[in-house]
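Worksheet for the structure shown next.
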């Protein structure tokens, strides 16, 4: 069964600094997607970034990038030039299998400090 | 504007009462999902539906029921059999061929006392 583990319940970072959130996972699929979602205090879930497992190149979206290590089943999120608006819960997720619902990690609460 | 609506944002019920949470989407998505969020637990799948008149149980379906009579709507009923119903409930939808790309509604906070 697919599992997602986020080992950092809470983190903090100074504004303008860089922070990395960790995620490890387990899956029996050979091709799959991985996701990072952001949930700000409004509680609206927002897709931050997506990685396709068959692509070796790490995904990047503006200040957000991932370090995808397929063999190690690791999928960390790096936030550069942190902003106050980045304060949120961050969830790592992958599909149960193929084209199906998502399995989520327990989340990391990130606080950006001015 | 296309999107997912959930109503109401806050819902209060007495223990022993069934309550139905609404979820509507106008994205023309085939698949819809219900997740439950508790502090420190992340999101857990309750039910999902990939097509009208069909749905599957998720990891924590006990005490819940759903229907999918219309493509746009996927209401969730929290029954009195659900032991700990107080939680934040999120509805999501996706296209059939890109089920992994899920769009979320704003959520409903249910409090049962």
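Criterion first (within 8 Å of another protein chain (Cβ to nearest Cβ), part of a strand (DSSP E or B) and within 13 Å of the chain's Cα centre (by Cα)) does residue B:43 satisfy it? Yes: the conditions hold for residue B:43. Residues that are in a loop (DSSP other than H, G, I, E, B) and more than 8 Å from every other protein chain (Cβ to nearest Cβ) were ranked within the stretch B:92-108; the one that is farthest from the chain's Cα centre (by Cα) is B:95. Scanning the stretch A:23-36 for residues that are more than 8 Å from chain B (Cβ to nearest Cβ), surrounded by 13 or more Cβ atoms within 10 Å (Cβ to Cβ) and either in contact with a helix residue (DSSP H, G or I) (Cβ under 6 Å, 6 or more places away or on another chain) or assigned to a strand (DSSP E or B) (or both) yields A:24, A:25, A:34, A:36.
Here residue A:110 fits the description: surrounded by 19 or more Cβ atoms within 10 Å (Cβ to Cβ), more than 14 Å from every other protein chain (Cβ to nearest Cβ) and either modelled with pLDDT of 95 or more or closer than 20 Å to residue B:88 by Cα (or both). Looking across the stretch A:94-107 at every residue that is in contact (Cβ under 8 Å) with a residue 24 or more places away in the chain and part of a loop (DSSP other than H, G, I, E, B), the one that is farthest from the other protein chains (Cβ to nearest Cβ) is identified as A:97.
Could you tell me which residue of the stretch B:53-62 is nearest to the other protein chains (Cβ to nearest Cβ), considering only residues that are in a loop (DSSP other than H, G, I, E, B) and in contact with a strand residue (DSSP E or B) (Cβ under 7 Å, 6 or more places away or on another chain)? Spell out the reasoning first.
Step one: filter the stretch B:53-62 for residues in a loop (DSSP other than H, G, I, E, B), giving B:53, B:58-62.
Filter once more, keeping what is in contact with a strand residue (DSSP E or B) (Cβ under 7 Å, 6 or more places away or on another chain): B:58-61.
Details: B:58: 7, B:59: 9, B:60: 12, B:61: 12 Å.
Ranking the qualifying residues of the stretch B:53-62, first place goes to B:58.
Which residues, counting only those in the stretch B:16-40, are in a strand (DSSP E or B), more than 13 Å from every other protein chain (Cβ to nearest Cβ) and farther than 21 Å from residue B:83 by Cα? Quick ask: steps written out before the conclusion?
Within the stretch B:16-40, the subset in a strand (DSSP E or B) is B:19-25, B:31-38.
So of that shortlist, the ones also more than 13 Å from every other protein chain (Cβ to nearest Cβ) come out as B:19-25.
Correct list: B:23, B:24, B:25.
The values are calculated or read from the model by the stated rules, or taken from the named source; none is laboratory data. Source: prediction; values computed, not measured. Heads up, the Cβs are rebuilt from the backbone with ideal geometry, glycines too, and the neighbour counts pull from every protein chain shown.
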